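Chemist: Encoded as structure tokens, here's the structure I'll be asking about.
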Amino acid sequence: MDKIWWKRFVFALLGFGLYLLDTGSDTWVGNRLIQKCHVKFGAAVLCLVYVLPGLFRGIAYFASDDDKETIFMRIVKCLSLWIFCVPMTACALLYNLFKLDDEALDGAKAAKVFEVLFEAFPQATLGLYMMFVLQQVEVLNYISIAISSCSLVYGTAESVTFKKFNLTAPFSKVIFSGLSGIIDNYFRILFISFFASLSSPYCLLLIPITYAVMFYLSISIKHKQIKINSEELLACFMSLPSSTYEHEDIDYTLRPLSKLIFNILAVMCLCFTSGQFWKDYPVLESKVLPPNVTSIYGHCGNICNLTDISVCTTFNQTEGVYHGVLITLWVLLALSTLEGILERYLSFMPHRKFLEEINEEDENVGSEQGSLALQENP
């Protein structure tokens, strides 16, 4: 029984530790950007940590059906979830760490859903964008992106498993979900940040919105009606960080649709970015530098003493980095597409294993081992 308790404790500690590291490193990045006079980007980073997840968590709570509470109490709790989202999420994860039961796990996973969608994914994307454009290449910037990416992969896997199987799944389901999402996680983060750095920062919002609209229309066409249910509407957004999102109330897999929509969108944007790459080698256009500036590299890192920052709005890395990222994106696109094809025909692919029904024996094992169905320690 001691071994079982340690497994429960390690998984809870991992989630709690990743959240603290992710929040702490992102807070440092936001403050550091403000010190370098990148006030808008610093505010955006801090907003993604302390405002956006709580705002949507509060809205979700207010929209939930609970006839036992008055409107006033619902508004108060909604505002509390918004304002105190970070400490409340940390407390929920800490409570799960010490309690290790189903009720504590339920609260922790509910909080992590919003953290994954509205903090980890946009934070990793924005972090890469700032490296490409604002030349934020300090060690802690790399650490922040790495932590956000790891938190995204693990958090997405846990959230997806929680939505698909509730608390009855063995931890192997989280592993399968995580393995099946790694390629798309990193491909989508890199693609959105890179394309936005070459075109406009508004693409950081435009690409996710375009994806969500295309996903919504595809589901509407599938059902031959405009209105879709709430779970499918949520999937339009939850499937963006990774194509692994599934829900127990949706009787078909969302994975092929998510891959198809995002990969088509990526091909269109990459062809626009690289031009006719099958005829000519893509070339990064040179910038017109301000007077008295001899090199763009390192120019945009700190803009406090600069009068002309017009060049600090698009890609500001070497041509070698430009070509390296382009090649990486095309490779990840090919791997993502190949993964989707193989999943259709090979039953041992991670996502196919994830979707397999849990038999009674596995469910009992999952409960006993506390992988996701963490029971009270006797």
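Values quoted throughout were computed directly from the atomic coordinates according to the rules given, and no laboratory measurement underlies them. Model, not experiment: these values are computed from the prediction. In this analysis, Cβ positions are derived from the backbone assuming ideal geometry, glycine residues included, and neighbour counts consider all displayed protein chains.
Chemist: What does the charge count near Ile147 come to, summing +1 for each Lys or Arg and -1 for each Asp or Glu among other residues with Cβ under 10 Å from its Cβ?
Modeler: Summing Lys and Arg as +1 and Asp and Glu as -1 gives -2.
Chemist: Quick one: Cα centre-to-centre distance for region 57-98 and region 179-252, in angstrom?
Modeler: That distance is 26 Å.
Chemist: Moving on. Along the charge dipole of the chain, Cβ charges K/R +1 and D/E -1, which of Leu117, Ala12, Asn263 sits furthest on the positive end?
Modeler: Asn263
Chemist: Quick one: if you stick a label point 7 Å off each Cα along the C-beta vector at Val321 and Leu20, how many nm between them?
Modeler: 3.3 nm
Chemist: Under a point spin-label approximation (7 Å from Cα along Cα-to-Cβ), what is the Val39-Ile83 distance to one decimal in nm?
Modeler: It is 2.5 nm.
Chemist: I want the local charge near Leu342. Using Cβ-Cβ distances under 13 Å, sum +1 for each Lys or Arg and -1 for each Asp or Glu among the other residues. It would help to have the intermediate numbers written out before the result.
Modeler: Details: positive: Arg255, Lys259, Arg344, Arg352, Lys353; negative: Glu339, Glu343.
So the environment of Leu342 carries a net charge of +3.
Chemist: Within region 169-200, list the residues whose amide N lies under 19 Å from a label point set 7 Å along Cα→Cβ of Lys353.
Modeler: 169-185
Chemist: Which of Gly127, Gly178, Gly24 ends up with the largest GNM mean-square fluctuation for the chain, with Cα atoms connected below 10 Å?
Modeler: So, out of Gly127, Gly178, Gly24, the one fluctuating most is Gly24.
Chemist: On alpha carbon coordinates alone, what is the Rg over Rh value for region 134-280, Rh being the Kirkwood radius?
Modeler: 1.01
Chemist: Also, quick follow-up: What does the helix-only formula give at 222 nm for the chain: each DSSP H stretch with n ≥ 4 adding -39500 (n - 2.57), the total divided by the residues, and the result rounded to the nearest 500 deg cm²/dmol? Could you put the intermediate results ahead of the total?
Modeler: Details: 15 runs with 261 residues, N = 378.
Result for the chain: -23000 deg cm²/dmol, rounded to the nearest 500.
Chemist: Contour minus end-to-end for Asn166 and Val10, with contour as 0.36 nm per residue of separation and end-to-end as the Cα-Cα distance? Working shown, then result.
Modeler: Details: separation 156, 0.36 × 156 = 56.16 nm, distance 2.01 nm.
The span from Asn166 to Val10 would gain 54.2 nm if fully extended.
Chemist: Could you compute the FRET efficiency for Ser286 and Cys47, with r as their C-beta to C-beta distance and R0 at 41 Å, rounded to 0.05? Mind dumping the intermediate values first?
Modeler: On the way: r = 34 Å, r/R0 = 0.83.
In this case the efficiency is close to 0.75.
Chemist: Still on this model: Using the alpha-carbon atoms, what tilt in degrees (0 to 90, nearest 10) does helix 360-369 show relative to the longest principal axis of the chain?
Modeler: The helix 360-369 is inclined about 70 degrees to the chain.
Chemist: At most 12 other Cβ atoms within 10 Å plus a DSSP loop assignment makes a site exposed; report the longest stretch of the chain without any exposed chymotrypsin sites (Phe, Trp or Tyr not before Pro).
Modeler: Numbers: sites that count: Tyr202, Tyr252, Trp278, Tyr297, Phe348.
For chymotrypsin sites (Phe, Trp or Tyr not before Pro) (loop position, at most 12 other Cβ atoms within 10 Å), the longest site-free span of the chain is 1-201.
Chemist: How much length is gained if the chain between Asn302 and Ile226 is pulled fully straight, taking 0.36 nm per residue apart and subtracting their Cα-Cα distance, in nm to one decimal? Don't skip to the end; give the middle numbers.
Modeler: Values: separation 76, 0.36 × 76 = 27.36 nm, distance 4.86 nm.
Separation in residues times 0.36 nm, less the Cα-Cα distance, equals 22.5 nm.
Chemist: Another question about this same structure. If I fit a long axis through the Cα atoms of helix 85-99 and take the longest principal axis of the Cα atoms of the chain, what angle between them do I get, 0 to 90°, rounded to 10?
Modeler: 40 degrees
Chemist: Using each residue's phi in region 236-245, evaluate 6.51 cos²θ - 1.76 cosθ + 1.60 at θ = phi - 60° and report the 3J(HN,Hα) Karplus result to the nearest Hz, with x for Gly and Pro.
Modeler: Once rounded to whole Hz, the list reads 4, 9, 5, 7, 6, x, 7, 7, 7, 4.
Chemist: Let me ask something else about it. Taking the Cα atoms of region 85-208 alone, what are Rg (to one decimal) and Dmax (as a whole number) in Å?
Modeler: Final numbers for Rg and Dmax: 16.0, 48 Å.
Chemist: Let me ask you something else. Rounded to the nearest 0.05, what FRET efficiency do Glu248 and Ser200 give with R0 = 30 Å and r taken as the Cβ-Cβ distance? Could you check? Each step should come with its number before you reach the end.
Modeler: On the way: r = 39 Å, r/R0 = 1.29.
Plugging the Cβ-Cβ distance into 1/(1 + (r/R0)^6) gives 0.20.
Chemist: Let me ask something else about it. Would you mind computing the Rg to Rh ratio of region 47-93 from its alpha-carbon coordinates, Kirkwood style for Rh?
Modeler: Numbers: Rg = 10.8 Å, Rh = 10.8 Å.
My calculation puts Rg/Rh at 1.00.
Chemist: Explain nothing, just compute: Karplus ³J(HN,Hα) = 6.51 cos²θ - 1.76 cosθ + 1.60, θ = phi - 60°, for every residue of region 264-272 in order, whole Hz, x for Gly and Pro.
Modeler: Result, rounded to whole Hz: 5, 4, 5, 4, 4, 5, 5, 5, 5.
Chemist: Taking the Cα-to-Cβ direction at Thr27 and at Ser218 and moving 7 Å from each Cα, how far apart do the two end points lie in nm?
Modeler: Between Thr27 and Ser218, the simple spin-label model gives 3.8 nm.
Chemist: Residue by residue through region 204-218, what is 3J(HN,Hα) from phi via Karplus (6.51 cos²θ - 1.76 cosθ + 1.60, θ = phi - 60°)? Round to whole Hz and write x for glycine and proline.
Modeler: Computed from phi, the couplings for region 204-218 are 4, 9, 5, 5, x, 5, 4, 4, 4, 5, 5, 5, 4, 5, 5 Hz.
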